[in-house]
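First the structure, in the form of structure tokens, and then the observations on it.
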Amino acid sequence: MTGHWFAVLGISLSLLGCAQPRVGLSLDDSDRVVVINEENLTSRLAVGHPYSEVVNNQLTANVALHNLGAEPLALQYHVVWYDNQGLEFTPQAMQWRPVLLNSRRQGEKDIVISDIAPEPRATQFRFLIRAR
């Protein structure tokens, strides 16, 4: 019986040795592309599926926001940029941008927020959203 456990352990270790090490960060895995920094916003804000496009060799990140509440919703957003290895290179000078979402009483509409990558090496992005 002890020999059986050694055989299982040996096979497990040999398979572990064959695994490829993971390099960089992929935002497509389990990480979120839109991060809402305040829990109370999640019940008042609907977020569409983020999408991107390349214009003049620069990545543009976009996402639609929709106010679910009865009052206007004042937000700020910021985009964090990553290269093809998942390394962040967002410039320090990037600031939070304001956005105001109308309420149902004001004739709500989806608003698409967007940002253009500061450098052509951007391949991934993450929106950060918080209340203003």
inquiry  = Of everything in segment 89-107, what is under 19 Å from Tyr77 (Cα atoms) and either in contact with a Lys or Arg (Cβ under 7 Å, 6 or more places away or on another chain) or part of a loop (DSSP other than H, G, I, E, B) (or both)? Give them in sequence order.
reply    = Phe89, Thr90, Pro91, Gln92, Ala93, Met94, Gln95, Trp96, Pro98, Asn102, Ser103
query = Only one of Val55, Val35, Val23, Val47 is over 24 Å from His66 (Cβ atoms) and modelled with pLDDT of 85 or more; which?
reply = Val55
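Taking strands (runs of 3 or more DSSP E) that do not extend beyond segment 40-87, which have at least 3 residues that are among the hydrophobic types (A, V, I, L, M, F, W, C) and closer than 20 Å to Gln124 by Cβ? Show your work before the answer.
Numbers: elements: 45-47, 51-55, 58-67, 73-82.
Passing ranges, in order: 58-67, 73-82.
How many residues does segment 48-72 hold that are in contact with a strand residue (DSSP E or B) (Cβ under 7 Å, 6 or more places away or on another chain) and without any contact (Cβ under 8 Å) to a residue 60 or more places away in the chain? Walk me through how you get there before you give the answer.
Pass one, segment 48-72, residues in contact with a strand residue (DSSP E or B) (Cβ under 7 Å, 6 or more places away or on another chain): 48, 50-53, 58-68, 72.
Checking which are without any contact (Cβ under 8 Å) to a residue 60 or more places away in the chain leaves us with 51, 53, 60, 62, 64, 66-68, 72.
Of the residues in segment 48-72, 9 are in contact with a strand residue (DSSP E or B) (Cβ under 7 Å, 6 or more places away or on another chain) and without any contact (Cβ under 8 Å) to a residue 60 or more places away in the chain.
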query = Which of the residues spanning segment 117-131 are touching a residue at least 60 places away in the same chain (Cβ under 8 Å) and either touching a Lys or Arg at 6+ places or on another chain (Cβ under 7 Å) or closer than 14 Å to Ser52 by Cβ (or both)?
reply = Pro120, Ala122, Thr123, Gln124, Phe125, Arg126, Phe127
request  = Give the number of residues within segment 71-98 that are surrounded by 12 or more Cβ atoms within 10 Å (Cβ to Cβ) and more than 18 Å from the chain's Cα centre (by Cα).
outcome  = 3
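Are any of the residues in segment 70-77 acidic (Asp, Glu), in contact with a Ser or Thr (Cβ under 7 Å, 6 or more places away or on another chain) and at pLDDT 75 or above?
Yes, because at least one residue in segment 70-77 is acidic (Asp, Glu), in contact with a Ser or Thr (Cβ under 7 Å, 6 or more places away or on another chain) and at pLDDT 75 or above.
The values are calculated or read from the model by the stated rules, or taken from the named source; none is laboratory data. What you see is a predicted model, and the numbers here were worked out from it, not measured in a lab. Reconstructed Cβ throughout: ideal geometry from the backbone, glycine too, with neighbour counts over all protein chains shown.
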